[in-house]
Amino acid sequence: MRVLRIDHIQMAAPEGCEAAAREFYGGILGMRELEKPEALRARGGCWFQCGEQQVHIGVEREFRAAKKAHPAFAVENLEELRQVFLSRGISVVDDELLPGVRRFYASDPWGNRLEFLET
């Protein structure tokens, strides 16, 4: 037995999150939305393709944003993404603690912590 890879990450969001998820993950980050299986559609949320992995936005009734645990997204042209975020009023927090890596943190529309990095 061995673990092969990460298939997907699940991010929690409040009820009614779908439009904001599509705007942020699909519109701003450019991820392609995936059709959820019929059996899971009634739960709400939406799924996106991110490279070989997927990002699943799932509805959590008593939602609380993840402030420490987070996914890290490798990006091309980190500075361009920073400018897109800033132009839309999305705050970024720079971090220079990893040698050879440029990165910043931002939050999704519900306050979940996200890391974006470029080597």
(message) Quick check on region 84-93. Is at least one of its residues surrounded by fewer than 16 Cβ atoms within 10 Å (Cβ to Cβ) and either modelled with pLDDT under 95 or under 20 Å from H8 (Cβ atoms) (or both)?
(response) no
(request) Within region 10-65, track down each residue that is closer than 29 Å to E79 by Cα, among the acidic types (D, E) and outside any loop (DSSP other than H, G, I, E, B). (result) E18, E23, E33
(request) State all residues of region 105-119 that are in contact with a helix residue (DSSP H, G or I) (Cβ under 6 Å, 6 or more places away or on another chain) and either small (G, A, S) or modelled with pLDDT under 95 (or both); if no residue qualifies, say none. (result) A106
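Listed here are the residues, each with its yes/no results for (1) without any contact (Cβ under 8 Å) to a residue 40 or more places away in the chain; (2) surrounded by 10 or more Cβ atoms within 10 Å (Cβ to Cβ).
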position: K36; (1), (2): yes, yes
position: L40; (1), (2): yes, yes
position: R43; (1), (2): yes, no
position: E52; (1), (2): no, no
position: G58; (1), (2): no, yes
position: F63; (1), (2): no, yes
position: A66; (1), (2): no, yes
position: A69; (1), (2): no, no
position: E76; (1), (2): no, no
(request) Please go through region 23-34 and pick out each residue that is over 22 Å from R102 (Cα atoms), in contact with a strand residue (DSSP E or B) (Cβ under 6 Å, 6 or more places away or on another chain) and either surrounded by 14 or more Cβ atoms within 10 Å (Cβ to Cβ) or of a type in the set (G, A, S) (or both). (result) G26, E33, L34
(request) For region 84-93, state whether one or more residues are touching a residue at least 12 places away in the same chain (Cβ under 8 Å) and in contact with a Lys or Arg (Cβ under 9 Å, 6 or more places away or on another chain). (result) yes
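The values are calculated or read from the model by the stated rules, or taken from the named source; none is laboratory data. Note that this is a predicted model, so its numbers are computed, not measured. For neighbour counting, all protein chains shown are included, and Cβ atoms are generated from backbone atoms with ideal geometry for every residue, glycine included.
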